Each structure stands twice: as structure tokens, then as C-alpha cells.
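Encoded as C-alpha cells, the structure appears first; notes follow it.
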Amino acid sequence: MNAAFEARLRGELDTLHAAGTFKHLRHLTTPMAPEVHMEEAGDVIVLSSNNYLGLSDQPEVIEAGIEGLKKYGAGTASVRFICGTFDIHRMLEERIAQFLGTEASLTYVACWNANTGLFATICGEGSAIISDELNHASIIDGVRLANKAKRSVYKHADMADLEAKLQEATAAGCAPVLVVTDGVFSMEGSIAKLPEIVALCKKYGAVSVVDDSHGTGVMGKTGRGTIEHFGLTGQIDIITGTLGKALGGAAGGFVAGSRALVDMLIQRSRPQLFSNALPPTVAASSLAALDYLDAHPELAERLRENVAYFRAGLQRIGFKPLDGPSAIVPIIVGDTAFAIAMSDKLLKRGVFVTGFGFPVVPEGTARIRTQLSAKLTQDEMDRALAAFEAVGKEVGLLS
Ligand SMILES: Cc1ncc(COP(=O)(O)O)c(C=O)c1O
């Protein structure tokens, strides 16, 4: 190892340690569930997973993965267009399209890859991309890769600013013009103003793109996402999302939209052309998760009840969580090191919840981000609330 390079890395890591912002990985020895066993802390209640519907250890989902492994083996050892596509990939893609009400869909090994493989493929010279300032990092990086497009950022959820940017792009003769937003903003728990965004896109002939990674399985009466929540099924041009959260939680992402869009991504999207497909085990368990959700629409309702119960509990003991209709309930605490120290104290009291700070969120808005699951029991939420109350008093946030 290059000694000077090693010393440089150590120096940067020491700075993080000194600032109290060094991230420690925690090691679980049991499946993701409302309660898990952690090597570092014993049995803990999980309030920091995207396992919104509790499907990652659902027996039907596990069984489907095992069957997928037995039927297809580990994988094809190839990228998709060479010899790397199984019939289960087609089945899953048809299923996702049907679930979201689009013509077609295409899977990737992660939504990260879907977002970074989308924009550069469809936005060349003369095009424009207008992105919400709080969009997820994978959208930001995906838009960066589309470096021939005119790129701009509108103030978070500010429709007047979005319209101004649309006017600029259309006045410059850009085509296509894309407007991209998260469905649910992952650090806030708030949702995009999709009806206004759709109306603006129609007014200016722009293409709407929604990443609904935190909305899928959570929002909408049957868990089809933020688009269903607003009754806009069929009106968003491009939807991206993950299979690594509510829909089984293993990995995988997708782009859903028209057949022409999907065919173009198959031709040109770089993660499709130069990287392997979703493992068949994951494709099989994701299909089972979609089937399970369809057969159990009450799961999304139970999740909403849990969110309402936990939010009310936090308010009762004196916290002021950010408002929002999703399953993400953040508490702003200000300083990054304070948020991390608070999450460490919660862990000591048996609650696993992560503190987020700069650069994930703007400086001074560090937060404890709680995320609820449909499978959490009232007893588990009450025990978690008791820990929040004790730690809130210990750190001086509650009197
Ligand atoms: C809005 C959003 N998009 C994309 C991703 C990436 O998803 P994946 O884990 O499938 O790469 C995340 C994950 O945190 C996300 O929150």
C-alpha cells in the first residue's frame, strides 16, 4: 500500500472521528424485522429500515427466492443483451408495469443504477433536465452524467421556480425537457406536489419523471405509491423505483414507462449494456412481494395506522416531528454529532434508529429519522417511545 496515500486517508478519517461524525456499521445476525439481534447491541427494535411492509422476512418471499435459486442457479454470468436475461426477468418487468399502470418496465440491479442509467440515455444535446433541489443522490448523479443536457435545479417543491425554469428551457428551444422529482423525499418524509407538476409538464410539453422509491408499497390505497395517492395513475411519463425497500428489501430497481422508453434503455443505458442483471433469486422474491402486497392491501393501511400512532406518541412526549403523509417521521435536532450521539444513546436503550447530518442533509438540520413498518406491534412502538422519552430528557431536548 502506498504509505503517503494511506496516511492521507487516515488523516481524513481522524477528522471524522474528532468531529463525532464517523459512521460505524452495525451487524445484524437475524433477518430484517421489527426486532433484530445486533452483534453490537443485542436485541433491538428497528426504526431505521425501509422494510415498510415487513416483507423482507415474509415466508412467501423467502420461499420464492429459494425456488428461484434452485430453478435458475446463481445467475447468468453475463450482461443482459449477451446472454444474461431469464424469463423471470420478463415476468417481473411485466408485473411491475402492470402494478404501476405503465406499458413496460426494465429492471436494474438497484434503483441507483436505474437513475444513473436513465438520464444520459434519453437526454442528449439540446435537451433539458429540471430537478428538485432535495432529490435523492442517485438522481443528482444520474443528471450529472447527462452532461450534454442543459441542467437546472428548482427550489424544493417551489412550483413558481419550477415554472420559471420550464419557461427558460422552452424559450431556449430545448427538447425533450424533463422534470424530475422524488415521490417521497427520503430525508423529510414529505411528498412531491405531483398534481401541480403534472399540470406544469402538460402546459410546457415536458416529460415528468418520478422516483417513488419511498412511496412504493407505502403511499396510495393499495400501496402503488405517491402516483396512486394523487389519483394520477397513467399520467406520469417515467417512474423509477426500488425493489430494495418495501418490495422485499433485497436489491433491485426499475424504470417504468412506455415500451419505446424501455426499448431505448435496452439499446443504450450503460448499466444495461455493461453490467449483469438482477440475480434471479431477487427477481423471484420481488415477484412474490408484489403478489403478497396485491393479496394483502390491508398492509399499506396497517402501516398508515402505525405511522399515525408513533407520530402521535412522539408529539405526546414533547417532540415535534416533521409533518408528512409517508412512513418517514424525522425529528430535527440540529447538529450532526448531536444526532449521531443521540442515536447511540437510543441504541443503548434498544432502539436502532439513525442520525443523519451534513452532507446528507443541509448543515444545521441534522435529524433522527424514524421509519415505521406495518409489522411493528403497539408494544414495540410503546417501548421505542419510552426510549425516546428517556433519551430526549437525557440530551436536554425534552424537559
Ligand atoms: C429516492 C431514492 N432513490 C433511489 C434510491 C436507491 O435505491 P437502491 O437501494 O435500489 O439503489 C434510494 C435509496 O435510498 C432512494 O431513497
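Among the residues of the stretch 240-259, are any in a strand (DSSP E or B), away from the ligand (no atom under 15 Å from the Cβ) and touching a residue at least 40 places away in the same chain (Cβ under 8 Å)?
Filtering the stretch 240-259 for residues in a strand (DSSP E or B) gives 240-242, 252-257.
When the remaining residues are screened for being away from the ligand (no atom under 15 Å from the Cβ), the result is 257.
So of that shortlist, the ones also touching a residue at least 40 places away in the same chain (Cβ under 8 Å) come out as 257.
Checked against the condition, which is being in a strand (DSSP E or B), away from the ligand (no atom under 15 Å from the Cβ) and touching a residue at least 40 places away in the same chain (Cβ under 8 Å), the stretch 240-259 yields at least one hit.
Does T102 count as crowded, with 21+ Cβ neighbours inside 10 Å, of a type in the set (S, T, N, Q), within 16 Å of the ligand (Cβ to nearest atom) and closer than 25 Å to L232 by Cβ? So that I can check it myself, show each step before the final result.
Working: crowded, with 21+ Cβ neighbours inside 10 Å: yes; of a type in the set (S, T, N, Q): yes; within 16 Å of the ligand (Cβ to nearest atom): no; closer than 25 Å to L232 by Cβ: yes.
Against the criterion (crowded, with 21+ Cβ neighbours inside 10 Å, of a type in the set (S, T, N, Q), within 16 Å of the ligand (Cβ to nearest atom) and closer than 25 Å to L232 by Cβ), T102 does not qualify.
Return the total of residues in the stretch 42-97 being touching a Gly at 6+ places or on another chain (Cβ under 6 Å) and not aliphatic (A, V, I, L, M).
So the answer is 5.
Are there any helices (runs of 4 or more DSSP H) wholly within the stretch 36-111 with 3 or more residues that are outside the structural domain of R383 (by TED's automatic domain parsing) and under 26 Å from the mean Cα position of the chain (by Cα), and if so which?
Working: elements: 59-72, 80-83, 87-100.
Because the criterion is at least 3 residues that are outside the structural domain of R383 (by TED's automatic domain parsing) and under 26 Å from the mean Cα position of the chain (by Cα), the helices (runs of 4 or more DSSP H) in the stretch 36-111 that meet it are 59-72, 87-100.
For the stretch 116-140, which residues satisfy the criterion of being of a type outside the set (A, V, I, L, M), within 18 Å of V177 (Cβ to Cβ) and either crowded, with 24+ Cβ neighbours inside 10 Å or within 15 Å of the ligand (Cβ to nearest atom) (or both)?
Going through the stretch 116-140, the residues of a type outside the set (A, V, I, L, M) turn out to be 116-117, 119, 121, 123-127, 131-133, 135-136, 138.
Filter once more, keeping what is within 18 Å of V177 (Cβ to Cβ): 119, 121, 123-127, 131-133, 135.
Residues satisfying the conditions are F119, C123, S131, D132, E133, N135.
For the stretch 150-192, name all the residues that are among the polar types (S, T, N, Q), within 16 Å of the ligand (Cβ to nearest atom) and surrounded by fewer than 22 Cβ atoms within 10 Å (Cβ to Cβ). Quick ask: steps written out before the conclusion?
Going through the stretch 150-192, the residues among the polar types (S, T, N, Q) turn out to be 152, 167, 170, 181, 186, 190.
Add one more test, that the residue is within 16 Å of the ligand (Cβ to nearest atom), and what stays is 181, 186, 190.
Listed by number, the list holds a single entry, S190.
Any chance the stretch 258-265 includes a residue that's assigned by TED's automatic domain parsing to the domain that holds T181, among the hydroxyl-bearing types (S, T, Y) and farther than 30 Å from T76 by Cα?
From the stretch 258-265, those assigned by TED's automatic domain parsing to the domain that holds T181 are 258-265; that's our starting set.
With the extra rule that they be among the hydroxyl-bearing types (S, T, Y), the set shrinks to 258.
Now drop any that are not farther than 30 Å from T76 by Cα, which leaves none.
No: zero hits.
For the stretch 137-236, list the strands (runs of 3 or more DSSP E) that sit wholly inside it and hold at least 1 residues that are touching a residue at least 40 places away in the same chain (Cβ under 8 Å) and not assigned by TED's automatic domain parsing to the domain that holds C111; which are they? Give the derivation first.
Values: elements: 150-154, 177-182, 207-211.
Hits in the stretch 137-236: none.
Given the condition touching a strand residue (DSSP E or B) at 6+ places or on another chain (Cβ under 8 Å), crowded, with 22+ Cβ neighbours inside 10 Å and modelled with pLDDT under 95, answer yes or no: does some residue in the stretch 318-327 qualify?
Just the residues of the stretch 318-327 that are touching a strand residue (DSSP E or B) at 6+ places or on another chain (Cβ under 8 Å), to begin with: 319-322, 324-327.
In the following step, the residues that additionally are crowded, with 22+ Cβ neighbours inside 10 Å were identified as 326-327.
Among the residues that remain, those that are also modelled with pLDDT under 95 are: none.
No, the stretch 318-327 has no match at all.
Look through G220, G313, G215, G234 and report the one residue that is touching a Gly at 6+ places or on another chain (Cβ under 7 Å), away from the ligand (no atom under 16 Å from the Cβ) and more than 30 Å from G73 (Cα to Cα). Outline the logic, then answer.
Values: G220 fails: touching a Gly at 6+ places or on another chain (Cβ under 7 Å); G313 fails: touching a Gly at 6+ places or on another chain (Cβ under 7 Å); G215 fails: away from the ligand (no atom under 16 Å from the Cβ).
After ruling out the rest, the residue left standing is G234.
The values are calculated or read from the model by the stated rules, or taken from the named source; none is laboratory data. None of these values were measured; they are calculated from a predicted model. Don't worry about glycine lacking a Cβ; one is built from the backbone with ideal geometry, like all the others, and counts go over all protein chains shown.
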